[in-house]
Amino acid sequence: MFKALGDPVRLRLFSLVASHAGGEACVCDISDVGVSQPTVSHHLKKLKQAGLLSSERRGTWVYYRVEPSVLAAMGHLLSPGSPSGSGSV
């Protein structure tokens, strides 16, 4: 999960999807991250393969949303006193 987010462009895309109103974002709304559209598609595919995002095609656009279990898992791993982590960031 964190390996997939290790790339700055992927982290930015993930953040944009996670913070988008309504819990999902159209690729047309998040594609302005300083790289070409094919590169955005490649990074979104990597995030989807890592289980961080899911997608749904509606007409010509693809909508992405963060998998519900992902934010909870991240929060657990990064929380102070978590047995999985050191408790510090």
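When V17 is tested against (1) over 11 Å from the mean Cα position of the chain (by Cα); (2) assigned to a helix (DSSP H, G or I); (3) among the aliphatic types (A, V, I, L, M), only condition (1) is not met. Can you spot a residue in region 48-70 that is buried (at least 16 other Cβ atoms within 10 Å of the Cβ), out of contact with any strand residue (DSSP E or B) (no Cβ under 7 Å at 6 or more places or on another chain) and in contact (Cβ under 8 Å) with a residue 60 or more places away in the chain? So far as region 48-70 goes, yes, one or more of its residues are buried (at least 16 other Cβ atoms within 10 Å of the Cβ), out of contact with any strand residue (DSSP E or B) (no Cβ under 7 Å at 6 or more places or on another chain) and in contact (Cβ under 8 Å) with a residue 60 or more places away in the chain.
If you check F14, F2 for being hydrophobic (A, V, I, L, M, F, W, C) and either at positive phi or surrounded by fewer than 12 Cβ atoms within 10 Å (Cβ to Cβ) (or both), only one passes: F2. Evaluating V9 against the criteria (1) closer than 17 Å to M74 by Cβ; (2) touching a residue at least 24 places away in the same chain (Cβ under 8 Å); (3) of a type in the set (A, V, I, L, M) leaves one unmet condition, (1). Among the residues making up region 54-73, those that are of a type outside the set (D, E, K, R) and part of a strand (DSSP E or B) are S54, S55, W61, V62, Y63, Y64, V66. Residues in region 30-40 that are part of a helix (DSSP H, G or I) and either surrounded by 13 or more Cβ atoms within 10 Å (Cβ to Cβ) or touching a Gly at 6+ places or on another chain (Cβ under 6 Å) (or both): I30, T39, V40. When each of G22, G51 is tested for being part of a helix (DSSP H, G or I) and either more than 17 Å from L71 (Cα to Cα) or at pLDDT below 95 (or both), the lone residue that passes is G22.
The values are calculated or read from the model by the stated rules, or taken from the named source; none is laboratory data. Just so we're clear, the structure is a prediction, and the values are computed from it rather than from any experiment. Backbone-built Cβ (ideal geometry, glycine too); neighbour counts: all protein chains shown.
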